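S.K.: Submitted below is the structure of interest, expressed as C-alpha cells.
The values are calculated or read from the model by the stated rules, or taken from the named source; none is laboratory data. Just so it is clear, the structure is predicted and the values come from calculations on it, not from any experiment. Quick reminder, even Gly has a Cβ in these numbers, built from the backbone with ideal geometry, and neighbours come from all protein chains shown.
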Amino acid sequence: MSNDGVPAAQRELADLLRDLSWNVHRKAPDITGMDPLPATDLAVLKHVLDAPGLTVTELARVMGLKQSNASAAVRNLTERGLLTRSSSPTDRRVSHLEPTEEARAQNESIAAAWAGPIRAGIAQLDEEQREALEAAGDALAALSRLLQVRG
C-alpha cells in the first residue's frame with residue numbers, strides 16, 4: 001500500500017496505462033495519401049467518424065478537451081475538407097459535425113494509422129501475453145467508458 005492508500009499493483013497498472021497511452025499517442029503515424037494530421041485532429045476525426053452528428057460541445061466532453069481546443073481541431077479538419085458542419089434543424093446556433101466523403105474513404109487508413117502500432121506490438125508478444133491482453137479487453141473497455149464519462 002502506498003502513502004495515498006492506493007495498492008501498489010493498482011498504482012503500477014495506472015502508471016503503465018498512462019505510459020502506454022503516451023507511446024500510442026506520440027507514435028500515431030502519418031496517414032497514407034493525406035497531409036499529416038496532428039494527433040488531436042486525428043483523434044477528433046476518429047470520434048466524428050465513429051459518431052457522426054456530434055456537436056463541438058459533445059465532442060469536447062467525450063474527448064475531455066477544452067471547448068476551444070475541440071473547436072480548433074474541427075476548424076482545421078473542416079479547412080482540410082474532412083469534416084462539415086450542418087445546422088441543427090431545431091436550433092440554428094448548434095452545428096452538427098459530419099465526416100466528408102473523403103474522410104469516410106480514408107476511414108480504413110485512419111483506423112490503421114491509429115491502431116496499427118498497437119496491433120504490430122501485440123503481434124510481437126508471446127501467446128500467453130496476447131491471451132492476457134484479450135482477457136483484459138472487457139475491463140479495459142469499461143475503464144475507457146468510465147474515463148470518457150468523467151472527462
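S.K.: Within segment 24-35, restricting attention to residues that are under 16 Å from the mean Cα position of the chain (by Cα) and of a type outside the set (Gly, Ala, Ser), which residue is modelled with the highest pLDDT?
M.R.: Top of the filtered list is Val24.
S.K.: Another question, if that's okay. Working only within segment 72-86, note down all residues that are within 11 Å of Leu97 (Cα to Cα) and small (Gly, Ala, Ser).
M.R.: Within segment 72-86, just Ser86 meets the criteria.
S.K.: I need the full set of residues from segment 118-151 which are more than 28 Å from Glu58 (Cα to Cα) and of a type outside the set (A, V, I, L, M), in order please.
M.R.: Arg119, Gly121, Gln124, Asp126, Glu127, Glu128, Gln129, Arg130, Glu131, Glu134
S.K.: Inspect segment 7-23 for any residue being in a helix (DSSP H, G or I), touching a Leu at 6+ places or on another chain (Cβ under 8 Å), at pLDDT below 90 and of a type outside the set (A, V, I, L, M, F, W, C) and give the result as yes or no.
M.R.: The answer is no, given that none of the residues of segment 7-23 is in a helix (DSSP H, G or I), touching a Leu at 6+ places or on another chain (Cβ under 8 Å), at pLDDT below 90 and of a type outside the set (A, V, I, L, M, F, W, C).
S.K.: Check segment 74-88 and report whether any residue there is on the phi > 0 side of the Ramachandran plot, at pLDDT 90 or above, in contact with a helix residue (DSSP H, G or I) (Cβ under 8 Å, 6 or more places away or on another chain) and part of a loop (DSSP other than H, G, I, E, B).
M.R.: Yes, segment 74-88 contains a residue that is on the phi > 0 side of the Ramachandran plot, at pLDDT 90 or above, in contact with a helix residue (DSSP H, G or I) (Cβ under 8 Å, 6 or more places away or on another chain) and part of a loop (DSSP other than H, G, I, E, B).
S.K.: What residue, of Leu65, Leu49, is part of a loop (DSSP other than H, G, I, E, B), surrounded by 13 or more Cβ atoms within 10 Å (Cβ to Cβ) and modelled with pLDDT of 90 or more?
M.R.: Leu65
S.K.: Being on the phi < 0 side of the Ramachandran plot and either at pLDDT 90 or above or not in a loop (DSSP other than H, G, I, E, B) (or both) is the requirement here; does Ser71 meet it?
M.R.: yes
S.K.: Take the residues in segment 90-119 that are over 18 Å from the mean Cα position of the chain (by Cα) and assigned to a helix (DSSP H, G or I); name whichever of them is surrounded by the most Cβ atoms within 10 Å (Cβ to Cβ).
M.R.: The residue in question is Glu102.
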